[in-house]
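Here is the structure we will look at.
Quick note: the coordinates plus some simple rules give every number you see, no bench work behind them. All values derive from a computational prediction rather than experimental measurement. Using ideal geometry, Cβ is built from the backbone for each residue, glycine included, and neighbour counts are taken over all protein chains shown.
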Amino acid sequence: MARPVLLVKSGGEAALPEWQRHFAEAGAAVEVRWWDDPAVDPASVRYVLVWDPEPGRLCRLPELRVIFGSGAGVDFITRDPDLPRHIPLVRMATPGAAQRMGEYVTWAVLSLVKNARRMAIAQAAAAWDYFELEPTAPATTVGIMGLGHMGATAARMLRALGFRVIGWSRTRKEIEGVRSFAGEAERDAFLAAAQVLVCLLPATPETRGILSKPLFDRLRDGTALVNVGRGSQQKLDDIIAALDARKLSAAVLDVFEQEPLPDGHPAWSHPRLTVTPHVASLPPRRERAAHVAQLIAMHERGEALPNTYDHARGY
């Protein structure tokens, strides 16, 4: 009996042999094929692992059972107007994802506090640009918007370095050493206290475009920004304008509404903006394949899958 097919659209066709090797090592009971393989019968496809499937494609797979996102965000999947919403959509949440996110956020915050972008520009120009580094971690308040598993992990790492950490979320959270602000009524107080603002919010209609001038106007002058949430949550023109006006002192952005960021975009060369290519918490393919193989086995046994996307909540 032929094994069910898992179509993969992540990393390009050249990455398929690596995906096949990792799924085989994980003992996955599926045949791993490339997304655009013309020899694949659509009716044989039970699972897909995708990042940005073209609109209308998923609904043409009549026996599709589960859609696996290849990253934590599924924005490029849910934008499909013909997405079969009755099919479980599972966000990538490997055991190591929160650790990687925490490490990235810690690196980003330290980069901002230590003015790493200025030093990188000076090195590229072979310029000895001496300046005094301040403040230290205990003198810096980091505000994290979104205190889910990843936000909580980042908060604990920052606390371990001595940063003062506060958080804002829909409901109040209990994290040792972290002051929790909750709901709209407490958002302005949270924003006014943050010296470095980190966005780790889920993508919902309420958070779309949240990182824009109205929010920046509620920050103290010179606040730094880290966005590792979603590209849809930021208005890039407003961020650049706030940097130019010194409302924001600097920013590190890992997500963008259009990815890759277009050639020639002013964000590439802005002296106080660090751009990274959506790598904050992406696990290696081996780890993702092992995780998906485990989830496929769970589904075949009739077990409920974790980290399924809730279309009503938006995450």
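Measure off 7 Å from each Cα along the Cα-to-Cβ vector at Ala182 and Asp221, then give the distance between these two points in nanometres to one decimal.
Here the modelled spin labels are 3.6 nm apart.
Using θ = phi - 60° and the Karplus relation 6.51 cos²θ - 1.76 cosθ + 1.60, list the HN-Hα couplings for region 66-72 in order, rounded to whole Hz, with x at every Gly or Pro.
9, 10, 9, x, 7, x, 5
List the residues, sorted by chain then number, that are 5 or more residues from Val226 or on another chain and whose placed amide H is less than 5 Å from its amide H.
Leu197, Val198, Cys199, Val252
Below 12 angstrom from the Cβ of Gly73, what's the summed charge of the other residues (Lys, Arg +1; Asp, Glu -1)?
Neighbour charge sum, excluding Gly73 itself: -2.
What is the sum of charges around Arg286, taking Lys and Arg as +1, Asp and Glu as -1, for the other residues whose C-beta is under 15 Å from the C-beta of Arg286?
Spelling it out: positives minus negatives among the neighbours equals +1.
Pull out a ≥ b ≥ c, the square roots of the eigenvalues of the alpha-carbon gyration tensor of the chain, then state rounded if a/c is under 1.5, prolate if not and a/b is larger than b/c, and oblate in the remaining case.
It comes out prolate by the Cα gyration axes.
Based on the Cβ-Cβ distance from Arg170 to Arg85, what FRET efficiency comes out when R0 is 35 Å, to the nearest 0.05?
The calculated FRET efficiency here is 0.95.
Taking R0 as 41 Å, what FRET efficiency do you get between Ala124 and Glu54 from their Cβ-Cβ distance, rounded to the nearest 0.05?
Step by step, r from the Cβ atoms, then E = 0.60.
Want the number for Arg65 to Gln258: 0.36 nm per residue separation, take away the alpha-carbon distance, what's left?
Stretched fully, the Arg65-Gln258 segment lengthens by 66.6 nm.
So for the pair Asp41, Glu303, with labels modelled 7 Å out along Cα→Cβ, what separation do we get in nm?
3.0 nm
Taking the Cβ of Phe256 as the center, what net charge do the other residues with Cβ under 15 Å away carry, scoring Lys and Arg +1 and Asp and Glu -1?
Charge balance in the 15 Å sphere: -4.
Per residue of region 195-204, in order, report the coupling 6.51 cos²θ - 1.76 cosθ + 1.60 (Karplus, θ = phi - 60°) as ³J(HN,Hα) in whole Hz, putting x for Gly and Pro.
Here the 3J(HN,Hα) series is 9, 10, 9, 10, 9, 10, 7, x, 7, 9 Hz.
By a straight-distance test (C-alpha under 16 Å), which lysines pair with Lys235 as possible cross-link partners, with residues fewer than eight away in the same chain excluded?
Within the straight-line cut-off, Lys235 pairs with Lys213, Lys247.
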